[in-house]
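**Student:** Here it is, the structure in full.
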Amino acid sequence: MGRSQKELAELLGSHSQASDLLSGRRKVSLEMAQKTSAASRIPIQLLVAPYDTSSAA
């Protein structure tokens, strides 16, 4: 999206949530998806689609 981790942290309200989300240690919650969708014009369906985090380091 061309945004920094710091900007994502500001959007989500937590640096640790942003870090965990970007590293794959945390799945996107509905609230995170709603905030991200509204701020970036990404369809919420893409953000809440099932994905696997088990291979994240």
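The values are calculated or read from the model by the stated rules, or taken from the named source; none is laboratory data. In this text the structure is predicted, and so the values were computed from the model without any measurement. Neighbour counts are summed over all protein chains in view; Cβ atoms, including those assigned to glycine, are modelled from backbone coordinates with ideal geometry.
**Student:** Report yes if LYS6 is free of Cβ contacts under 8 Å to residues at least 40 places away in the same chain, surrounded by 14 or more Cβ atoms within 10 Å (Cβ to Cβ) and among the charged types (D, E, K, R), otherwise no.
**Tutor:** No: the conditions fail for LYS6.
**Student:** Given the conditions (1) at pLDDT below 90; (2) in contact with a Leu (Cβ under 6 Å, 6 or more places away or on another chain); (3) of a type in the set (D, E, K, R), report the number of the one that ARG41 does not fulfil.
**Tutor:** The single condition ARG41 does not satisfy is (2).
**Student:** Which of (1) loosely packed, with under 14 Cβ neighbours inside 10 Å; (2) of a type in the set (D, E, K, R); (3) touching a helix residue (DSSP H, G or I) at 6+ places or on another chain (Cβ under 9 Å) is the odd one out, the single condition ARG41 does not satisfy?
**Tutor:** Only one criterion is unmet by ARG41, namely (3).
**Student:** In addition: So, in region 9-28, exactly how many residues are without any contact (Cβ under 8 Å) to a residue 24 or more places away in the chain, surrounded by 14 or more Cβ atoms within 10 Å (Cβ to Cβ) and not in a helix (DSSP H, G or I)?
**Tutor:** Number of matching residues: 2.
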